[in-house]
Each structure stands twice: as structure tokens, then as C-alpha cells.
1. Filter the range 149-161 for residues that are in contact with a helix residue (DSSP H, G or I) (Cβ under 6 Å, 6 or more places away or on another chain) and outside any helix (DSSP H, G or I) and give the result.
2. Go through the range 63-84 and count every residue that is crowded, with 16+ Cβ neighbours inside 10 Å and under 22 Å from Asn150 (Cβ atoms).
3. Scan the range 55-66 and give yes if some residue there is touching a helix residue (DSSP H, G or I) at 6+ places or on another chain (Cβ under 7 Å), under 30 Å from Asp120 (Cα atoms) and in the same structural domain as Gly115 (by TED's automatic domain parsing), otherwise no.
4. Scan the range 138-148 and tell me whether some residue there is over 26 Å from Phe67 (Cβ atoms) and either in a helix (DSSP H, G or I) or at pLDDT 90 or above (or both).
5. Restricting to the range 114-137, what's the tally of residues that are touching a Ser or Thr at 6+ places or on another chain (Cβ under 9 Å) and not in a helix (DSSP H, G or I)?
Amino acid sequence: MSIRIKKKPFKKKIKEPDKFEILTQKALIFAKENGKAILIFSVALIIITALSGILITRYKAQKEDFFLGMYEDIINANKDYAQGNYNEAQKIYEKVIEESEKSSLFNDIALVGLGYTLIDKGEYDRSISLMEDLVSREKLQHPKEELYKNLLFLYRKTGAEDKAKETYDKLLALFPNSDINLNDSQVAKQ
């Protein structure tokens with residue numbers, strides 16, 4: 001019995017280079033002819049990328065510093081309010097309101113704090129205006145039930161009984177489980 005050895009077929013040598021070889025040759029020729037331009041473009045791209053990274057990092061740091069500053073201001077205003085330093089609290093709340101975006105959480109907190117400060121200072125008309133603005137906002141990040149209760153208190157305090165009744169009805173319509181009583185003489189900040 002004879003063993004047959006299978007012969008491997010030999011690849012034929014291609015007389016013409018294939019498409020990959022042609023493309024590679026063209027790329028090398030292009031690189032050799034335009035070496036300086038490619039180097040300049042590459043360096044410029046690296047510089048632009050590095051500068052972009054630096055600017056983004058700087059922007060993030062500035063944004064973080066801004067938010068930390070706002071947070072610190074809110075804390076200080078709340079401390080002043082709690083200690084009865086209403087004028088100082090008012091200045092800080094107004095600064096935060098001026099420096100923050102209208103739709104930001106800091107703005108909402110500062111407006112509510114300013115409203116309470118104005119109530120305690122006896123500036124009821126300004127506080128009413130603030131509270132009305134706050135309850136009219138759709139995306140307010142503060143409990144509206146509390147704001148309606150404060151409005152009710154303010155309207156009663158200023159003798160605007162019609163508006164007090166209207167606010168009371170709206171409060172009960174929006175918050176049916178509210179523990180508020182229109183005739184309660186102690187309707188005030190919660």
C-alpha cells in the first residue's frame with residue numbers, strides 16, 4: 001500500500017500589486033512629499049487638544065467654585081436669619097438671587113429665605129409679591145403648600161380677606177389633606 005502525499009497548492013505570484021499595496025505606496029509617497037505639512041498639522045492638533053482640555057478643566061473648576069460660593073452664602077444667610085440678623089440675611093439672599101440663574105435651586109432657596117426675612121421685618125407687601133411669584137412657578141423646588149400658607153398669613157395680616165379666602169380655597173384644592181384652617185389666627189410660616 002502506498003501512501004499518497006497530498007501536495008499543497010502553491011500560490012501564484014501576482015505580477016501586478018494588489019489594491020492594498022498600491023494604496024500603501026501612495027500614502028507613503030504623499031507622506032514623503034508633504035511631511036512638513038503633516039507635522040505642522042499634527043502639532044497643531046495636539047496643541048488644540050491640550051488647550052481644550054485645559055479650558056474644560058478650568059471651566060469645571062470655576063463652576064465648582066461658583067456653586068460652593070453660592071452654597072456658603074445660603075448657609076450664612078440662613079444663619080443670620082436664625083440669629084435674627086434680618087438685614088444681613090436680606091443682603092446675602094439678594095446677592096444670591098442676583099448672581100444665580102432664575103431657575104436654579106439656589107435662586108429658589110434664596111427667594112424663599114428672602115420672603116421669610118421680609119415677613120419678619122414686617123415688609124408684608126414685598127413678601128406677598130415674592131410668594132406670589134414663587135407659587136406661580138411650575139418648576140419650583142420648594143414645597144408650594146408652605147408658600148400658600150404663608151400667602152394666606154400675609155393676606156390676613158394686610159387685611160386682604162378676599163385674597164386670603166381665594167388662597168385658602170386654592171390651597172385646599174391643591175392640597176386637600178392640608179391641616180390649615182382659614183379662621184386659625186395662627187396661620188403663619190411653617
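1. Once the filter is applied, which keeps residues that are in contact with a helix residue (DSSP H, G or I) (Cβ under 6 Å, 6 or more places away or on another chain) and outside any helix (DSSP H, G or I), the range 149-161 yields only Thr158.
2. So the answer is 5.
3. Within the range 55-66 (the criterion being touching a helix residue (DSSP H, G or I) at 6+ places or on another chain (Cβ under 7 Å), under 30 Å from Asp120 (Cα atoms) and in the same structural domain as Gly115 (by TED's automatic domain parsing)), the answer is no, since none of the residues qualifies.
4. Yes: the range 138-148 contains one or more residues that are over 26 Å from Phe67 (Cβ atoms) and either in a helix (DSSP H, G or I) or at pLDDT 90 or above (or both).
5. Number of matching residues: 2.
The values are calculated or read from the model by the stated rules, or taken from the named source; none is laboratory data. Just so you know, these numbers come straight off a predicted model, no measurement behind them. Cβ atoms come from the backbone with ideal geometry, glycine included; neighbour counts cover every protein chain shown.
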